[in-house]
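The values are calculated or read from the model by the stated rules, or taken from the named source; none is laboratory data. Model, not experiment: these values are computed from the prediction. Cβ: placed from backbone, ideal geometry, glycine included. Neighbour counts: every protein chain shown.
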Amino acid sequence: MALTPFERVFLHKAIADDKRALSIQGRLENVPSEVVEGASQVIRTVRALRDPIGKGKKMLFLTPHRGRMVAKCPGTSGHICCGYHILDLMSNCPMDCSYCILQAYLTNPVITVFTNLADLVDELENAASQAWWTSFRVGPGELSDSLALDHLTRFSEELVPWFARYRDRILELKTKSDQVNHLLDLGHGGRTVVSWSLNPQSIIDAEEHGTPSLIQRLDGARKCQEAGYPIGLHLDPMISSDSWEREYEEMVKQIFRFVDSKRVIWVSMGGLRFPPPLKPIIQDRFPDSRILLGELFPGKDGKLRYLEAIRVLMFRKMLSWLRDTDSRLFVYLCMETRQVWKAVFGWSPENTAGLMRIFDQRCREFMERSLCK
């Protein structure tokens, strides 16, 4: 399922003759393009339209990145974070999930691709050298989907072989896409994790608009696993409903019909959460969405979340289904408190640094085991 329904391309004047920008543009046959002075011109164009968020997904802005392209995940105050690093290669996403925080977070609703990949590699070297004491985990899936447009940008063709050169650096391509064929012959050396955000098909149909089905995503995971890639699973955001227990249990069974649990490097669990400014956007853009009918209340971080008792119940159930499949699966919680960790697992990392050490050990053991095969 290739998501490239662009109606218009904007090129920043600074890269009007840039080889990478022209290559991307050349893969979009018959899509009109326009050279612009900068982002403000693009923003004014789309903000004048009805539903600028939706219309912005039909437009592509190619531009150089002017700031830092590698940064630590900001995490959430008072919650345990895994110590991930973010690659700022692209912002916004052609998919249109009702709960997507980018709707409220990004000031520019146009899908923006940063073309100065050489600068990114320099930053990666610097950031990795500062994290010499741990496995350096990084990925471009924070402000967009890592693979939804990779068949256009071809970023993976350069990044995956680059990470394969290092034993202590891990690239994660986090996605809802099924566009993986171009990854299968790359020399990844086991240092790129391809991971999928998954939900039951009923939630995909109702809330994850413009995304591949659960089966299509799992088939993509199967292909990548057969090509030797470690696989990650992100069961996040878990969404409560009258039938959540039955549907999530069946989803776990479906996952492991496609994926070998022994080649899954990590599994995350997280509940639905979003900042209050997103609520009116969901109500306006997705009036039929049912996610706002849940028992959502402000948490310690100010985000709307399910009551702790609901989250703990969902996480415990999910953990039991995963453990029934493979007791050795590495499972963690995304952006949760120590209190919730203890209620779910019976223990908790002391803090973010503690979880980073656990991740480091997991990555080293998994990679060493893979190399020995």
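Structure notes:
- Screening VAL110, VAL138, VAL121 for residues that are modelled with pLDDT of 95 or more and of a type in the set (Val, Ile, Thr) leaves exactly one candidate, VAL110.
- Pair list, Cβ under 6 Å, 6 or more apart: segment 27-40 residue closer than 19 Å to ASP150 by Cα, other residue of a type in the set (Val, Ile, Thr): VAL31/VAL9
- Within the set VAL46, VAL31, the sole residue that is at pLDDT below 95, surrounded by 15 or more Cβ atoms within 10 Å (Cβ to Cβ), in a helix (DSSP H, G or I) and among the aliphatic types (A, V, I, L, M) turns out to be VAL46.
- Selection count, segment 196-219, where residues are free of Cβ contacts under 8 Å to residues at least 60 places away in the same chain, in a strand (DSSP E or B) and farther than 12 Å from ALA148 by Cβ: 1
- Checklist (1) farther than 16 Å from VAL70 by Cα; (2) part of a loop (DSSP other than H, G, I, E, B) applied to SER144, failing item: (1)
- Qualifying residue in segment 167-188 (condition: at pLDDT below 95 and farther than 22 Å from PHE114 by Cβ): yes
- Residue among GLY270, GLY228 that is within 16 Å of LEU198 (Cα to Cα) and in contact with a His (Cβ under 8 Å, 6 or more places away or on another chain): GLY270
- With respect to the conditions (1) out of contact with any Leu (no Cβ under 8 Å at 6 or more places or on another chain); (2) part of a helix (DSSP H, G or I); (3) within 30 Å of ILE53 (Cα to Cα), ASN126 lacks only one, and its number is (3).
- Condition met for LEU120 (touching a residue at least 40 places away in the same chain (Cβ under 8 Å) and assigned to a helix (DSSP H, G or I)): yes
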